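Comments concern the structure below.
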Amino acid sequence: MIKTIIFDMDGVLIDSEPLWKEAEEATLQSFGFETEPADFEQTWGIRTDEVVRFHLAKNPGLDLEVNAVVEAIEENLISLVRDKASPMPGVYEAISFLKEEGFAIGLATSSSYEIIEASLSKLNLKAAFSMLHSAQEEAYGKPHPRSEEHTSELQSPCNLVCRLLLEKKK
């Protein structure tokens, strides 16, 4: 019996894909990275530190600290989320339905806790989730399933939990 529903965040709860692209593109250019449009498709959905490492590998002449670039991208994104973000269609109805049916609702995402906070605050959904988990705590980001598995364990550690991860169809 399914007792817990675990949502991804970016592109599932919040329409953030264009905001991520805008934040990454502007920030990377400000640090001197050369990027191509296809780069953003290759890095969509992975942790920000992995995005920066990807671009550093493509720009070997840049001597930058990963964390400095990560912080700048995430600050830029948080500002964009606060100003421009909107919910994905059907999000409020789906969460309301699941709550009424007695499901526990968790969130597992590659985004940092700061981005989670900004996104859920913007959508006014903080109270809907009984567990939040960022892949920044895991050895691997998406597409590795550990973040969702960890959230399931935290959500209901004594039960066999069926996991439903709602992913945006590409």
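Of the listed pairs LYS3/LYS126; LYS3/LYS84; LYS3/LYS122, which have alpha-carbon separations greater than 23 Å here? Intermediate results must be reported in sequence, preceding the final value.
On the way: LYS3/LYS126 20 Å; LYS3/LYS84 33 Å; LYS3/LYS122 27 Å.
Table pairs above 23 Å Cα-Cα are LYS3/LYS84; LYS3/LYS122.
Dividing the C-alpha radius of gyration of region 1-69 by 2.2 N^0.38 Å, with N its residue count, gives 1.33. Could you please state how large a percent of the accessible area of region 31-87 is carbon and sulfur, counting protein chains only and using a 1.4 Å probe? The value for region 31-87 is 46 percent carbon and sulfur by accessible area. Give the residue from SER112, ASN76, TRP44 lying farthest towards the positive end of the charge dipole for region 42-115; charges sit on Cβ (+1 for Lys and Arg, -1 for Asp and Glu) and the dipole is referred to the Cα centre. Projecting each Cα onto the dipole axis, the largest value belongs to TRP44. Neighbours of SER119 by Cβ distance under 11 Å: Lys/Arg scored +1, Asp/Glu scored -1, total -1. Sorting MET88, MET9 by accessible area puts them as MET88, MET9; the probe is 1.4 Å, largest comes first, and only protein heavy atoms count. Against the criterion of solvent-accessible heavy-atom surface with a 1.4 angstrom probe, MET131, MET1 sort, most first, into MET1, MET131. The overall shape of region 1-142, judged from the alpha-carbon gyration tensor, is prolate: a/c is not under 1.5, and a/b is greater than b/c.
Each Lys and Arg contributes +1 and each Asp and Glu -1, all at the Cβ; summed about the Cα centre of region 1-106, the dipole is approximately 340 debye. Placing +1 on the Cβ of every Lys and Arg and -1 on the Cβ of every Asp and Glu, with nothing else charged, gives region 67-108 a dipole about its Cα centre of roughly 60 debye. Computed from the Cβ-Cβ distance with R0 of 45 Å, the FRET efficiency linking TYR92 to SER30 stands at 0.80. Computed from point charges on the beta carbon alone (+1 for Lys and Arg, -1 for Asp and Glu), the dipole magnitude for region 49-130 about its Cα centre is near 240 Debye.
The values are calculated or read from the model by the stated rules, or taken from the named source; none is laboratory data. Given the structure is predicted, the values throughout are model-derived calculations rather than measurements. Glycine also receives a Cβ, built like all others from the backbone with ideal geometry; neighbour counts cover every protein chain displayed. Each accessible area value is taken on the protein alone, full model and side chains, heavy atoms only, with ligands, DNA and RNA left out. Shrake-Rupley method; radii C 1.70, N 1.55, O 1.52, S 1.80 Å.
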